[in-house]
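Contents: one structure, followed by commentary.
The values are calculated or read from the model by the stated rules, or taken from the named source; none is laboratory data. This is a predicted model, so every value here is computed, not measured. Neighbour counts run over all protein chains shown; Cβ positions are idealised from the backbone, glycine included. Accessible surface is based on the protein model in full, side chains and every heavy atom, while ligands, DNA and RNA are left aside. Shrake-Rupley method; radii C 1.70, N 1.55, O 1.52, S 1.80 Å.
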Amino acid sequence: MELNRRSFLAGGTLFAAGALASGAQAEPAAPRKPASSPYHARGEETFTPQPIVKGLRRVVAEPVLQCPAPDSMGVAWAVSGFANGAVEFADNPQLQNATTVRCGGFGVTAFDDQALQVRLTGLKPGTRYWYRTITTTIANYKNSYSIQMGEPEAGDVHSFMTPGENAPARFCVMNDTHENWKQFGPIVEKILALKPSVTVWNGDATNTTEDKDHAVQTFLNPPVARKDYAADIPLLFTNGNHDFRGKWIRHLDEVMMPRLPSERSSRDWDLKRNFAIRLGDVAMIGLDTGEDKPDWHPKWMGLANFSPYRKAQTVWLEEALARREIDGAPYIVVFCHIPLFDSYPEANPGDRLENWADWQKECADLWGPLFARHGVQVVVAAHKHRYRFDPATAGRPWAQLVGGGPGKNPWNYPTVIAGDTAGGELKLTVHNILTGKVVGTHAFKPRRGILG
Ligand SMILES: [Fe+2]
Ligand SMILES: [Fe+2]
């Protein structure tokens, strides 16, 4: 595979095939590494080369890791013009014996002028992998048989660790970033300094998304110094209510990949964002509270369908909570955007004819009893743009921690919530990004009957 890796950079399979076609002496082909999954069985050397176009570069930002799972990882990156791409990954920083996965799945590979995506599969849990993107310009496209290809452009080598019961239980949460780039910069600087295994982006990443350009900037090429904000720390993304707004948001999968379908039964394939993974002693569960107004609200003009979505997630959740690796975890943390509890009796529960929801009653009614039955310790929510902590009570045995917002005043300020399990307990530390100070710490003992 080292031969394949070098040849890819020199024009890849294009040059290999071209040498044979012109009668030049070619090195004997290296034996192909057996594919570890159907997704990896690509890159056959059968492509007749076209003239190389020199000097065109397409990569505009670092890759963004997403949908981390014990055996898979998504990689997406922004490009400035039509390009095809691949990811090389290996279990060593030199990328020796790397596996190459081309974008676009089976059949003809993909090209796009804004974002490329590759899914790495067949990975081992709790294991570090090194990877880099390879981007090839597609220039002067006339038709399928008349395309000029650019020089393959290799990105920097990055690494990630897959989740798993043996992975370090360190995570960070950011939420309600709302495209406030002045604050997003320090938020991601803080996360990079804390070095978590994963970052949960707990909704309202966007405001309203009317075209793909906008989504690519928000997720893959944010206007901040650290374009590598998720190049080594994968994102677990949960939708906020704003992340359902705008006509283009219906195509968000083209930028933020859905979970791999094989993570769930075919019954639940439409639940594209829910996750239930182990990160060391912590089981992390992602739920989607949806929009903040009921489906029958006149503002939706009949276009909203969130209530069935919440019910379908409930069926998935009940099974996810019963899975061995989730039920056996010393800690269970749920992440969702809209809070599932509010202490103010007058708070809008999101099922009335009002303009927003302080909390999501339908989700609380559906999911709360399951949390209680399965020993969920804390729900990490967002949406209110104000940090607060609701301790567990006898009637609601799960606590709730609500992250901050995009303001800059004493009650609305951005937060990064850092979780880790040092010292035999789960500790959630809340950082105020405006002041740099810790504004709260919340500790949880291992679940009843389970030793940490
Ligand atoms: Fe928000
Ligand atoms: Fe929100």
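Taking the range 57-189 as the region of interest, what is the percent of Cα-Cα pairs per 10 angstrom bin, listed from the shortest bin to the one with the maximum distance?
It works out to 11, 36, 33, 17, 3, 0, in whole percents.
Compute, for the chain, the length of the dipole vector about the Cα centre, with Cβ point charges of +1 (Lys, Arg) and -1 (Asp, Glu) only. Units Debye, rounded to 20.
Details: 49 positive and 48 negative charges, 98 e Å.
The calculated dipole for the chain is roughly 480 debye.
Local charge sum around His297 (other residues, Cβ-Cβ under 12 Å, Lys/Arg +1, Asp/Glu -1)? Display every interim value, and only then the final one.
Details: positive: Lys293, Lys299, Arg352; negative: Glu291, Asp292, Asp295, Asp351, Glu354.
With Lys, Arg at +1 and Asp, Glu at -1, the neighbours total -2.
Principal axes first, then extents: for the Cα atoms of the chain, list largest minus smallest coordinate on each axis, whole Å, largest first.
In descending order, the Cα extents are 80, 49, 45 Å.
Starting from the Cα of Asn207, step 7 Å along the direction of its Cβ; do the same at Ala322; then give the gap between the two resulting points in nm.
4.6
Once fully extended, how much extra length lies between Lys142 and Ser266, figured as 0.36 nm per residue of separation less the alpha-carbon to alpha-carbon distance? Let's see the in-between values first.
Values: separation 124, 0.36 × 124 = 44.64 nm, distance 3.91 nm.
Computed gain between Lys142 and Ser266 is 40.7 nm.
Using Cα positions and a limit of under 23 Å, work out the lysines in reach of Lys384, with same-chain residues fewer than 8 apart set aside.
Within the straight-line limit of under 23 Å, Lys384 reaches these lysines: Lys182, Lys190, Lys293, Lys299, Lys361, Lys408, Lys427, Lys437.
Per residue, how much accessible area does the chain show when a 1.4 Å probe rolls over the protein heavy atoms, in square angstrom?
Working: 19170 Å² over 452 residues.
Roughly 42 Å² per residue, with all protein chains present.
Roughly how many percent of the accessible protein surface of the chain is carbon and sulfur, given a 1.4 Å probe and a whole-percent answer?
Details: 10520 of 19170 Å².
Percent of accessible area from carbon and sulfur atoms in the chain: 55.
Students often check this: by mean Cβ neighbours within 10 Å, which of 200-206, 338-344 ranks highest, and how do the rest follow? Please list the in-between numbers first.
Numbers: 200-206: 25.9, 338-344: 20.0.
Averaged packing, sorted descending, gives the order 200-206, 338-344.
I want the local charge near Val60. Using Cβ-Cβ distances under 12 Å, sum +1 for each Lys or Arg and -1 for each Asp or Glu among the other residues.
Working: positive: Arg57, Arg58, Lys227; negative: Glu62, Asp113, Glu153, Asp213.
With Lys, Arg at +1 and Asp, Glu at -1, the neighbours total -1.
Which distance in nm do the two modelled labels at Lys445 and Gln96 give, with both placed 7 Å along the Cα-to-Cβ direction?
Spacing of the two 7 Å Cα→Cβ label points: 4.9 nm.
Could you tell me the ratio Rg/Rh of the range 192-263? Both radii from Cα atoms, Rh via Kirkwood. Please list the in-between numbers first.
Numbers: Rg = 12.7 Å, Rh = 13.1 Å.
The Rg/Rh ratio comes out at 0.97.
Peptides 225-231, 207-213: what's the order by average Cβ count within 10 Å, highest mean first?
Working: 225-231: 19.7, 207-213: 15.4.
The densest-packed peptide leads the list: 225-231, 207-213.
Using per-residue counts of other Cβ atoms within 10 Å, averaged over each peptide, order 136-146, 426-436 from highest down. Walk me through the numbers before you get to the answer.
On the way: 136-146: 13.9, 426-436: 18.1.
Peptide ranking by packing, descending: 426-436, 136-146.
So if I restrict to the alpha-carbon atoms in the range 71-113, what is the Rg, and what is Dmax, the biggest pairwise distance, in Å?
Calculated on Cα positions, Rg and Dmax stand at 12.0, 31 Å.
Label Arg373 and Ala392 with points 7 Å out from Cα along Cα→Cβ: what is the distance between them in nm?
1.8
Determine the calculated [θ] at 222 nm for the chain from helices alone, applying -39500 (n - 2.57) to every DSSP H run no shorter than 4 residues and normalising by the residue count; nearest 500 deg cm²/dmol.
On the way: 7 runs with 74 residues, N = 452.
Mean residue ellipticity, 222 nm, calculated: -5000 deg cm²/dmol.
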